[in-house]
Amino acid sequence: NQTEACEIAYQELTRLPNSDQFSTTCGGAPLLVVATTGTDTDDKLFSRVTVQYETVQLIPIPGLLTGKTTITRIAESRVYGRTRTR
C-alpha cells in the first residue's frame, strides 16, 4: 500500500543530504514513491513500487552530468495463488 511503501523508502533514505526536504507523503521531489497493483497476462495479481529520488545539486560535468540527477528504481512482486476478482 502507498503509505507503507512511503514509510519504508523514507526510512531507507533518511541519511541522504536533502532528506529534510522529503514530504511525509512522498508525493513529490526530491522523493516520490508510487505503489500500484494490477494483473499480469495470466490474470495474476502483482504489486509495484516505484521510488524516484532527485539528488542535491552536483558539480556539472559537460556532456556527462547536468547538476541534479534523478534516480528511479522499480520493485515488483507477484501475488501467487490469487486472481483478480471480476
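The values are calculated or read from the model by the stated rules, or taken from the named source; none is laboratory data. Since this is a predicted model, take the numbers as computed values, not measurements. Methodologically, a virtual Cβ is constructed for each residue, glycine included, from the backbone with ideal geometry; neighbour enumeration extends over all protein chains shown. To get the accessible areas, we keep the full protein, side chains included, count just its heavy atoms, and leave off ligands, DNA and RNA. Shrake-Rupley method; radii C 1.70, N 1.55, O 1.52, S 1.80 Å.
Residues in segment 1-18 that are farther than 21 Å from residue 46 by Cα, exposed (fewer than 14 other Cβ atoms within 10 Å of the Cβ) and not basic (Lys, Arg): 11, 12, 14, 17.
Looking only at residues in segment 19-36 that are closer than 18 Å to residue 72 by Cα and among the hydroxyl-bearing types (Ser, Thr, Tyr), the one that is least open to solvent (accessible area, probe 1.4 Å) is 19.
Scanning segment 41-54 for residues that are over 17 Å from the mean Cα position of the chain (by Cα) and either surrounded by 12 or more Cβ atoms within 10 Å (Cβ to Cβ) or hydroxyl-bearing (Ser, Thr, Tyr) (or both) yields 41, 44, 45. Any residue at all in segment 55-77 that's surrounded by 15 or more Cβ atoms within 10 Å (Cβ to Cβ) and within 17 Å of residue 16 (Cα to Cα)? Yes: segment 55-77 contains one or more residues that are surrounded by 15 or more Cβ atoms within 10 Å (Cβ to Cβ) and within 17 Å of residue 16 (Cα to Cα).
Scanning segment 43-76 for residues that are more than 14 Å from residue 33 (Cβ to Cβ) and either of a type in the set (S, T, N, Q) or modelled with pLDDT of 95 or more (or both) returns 55, 57, 66, 69.
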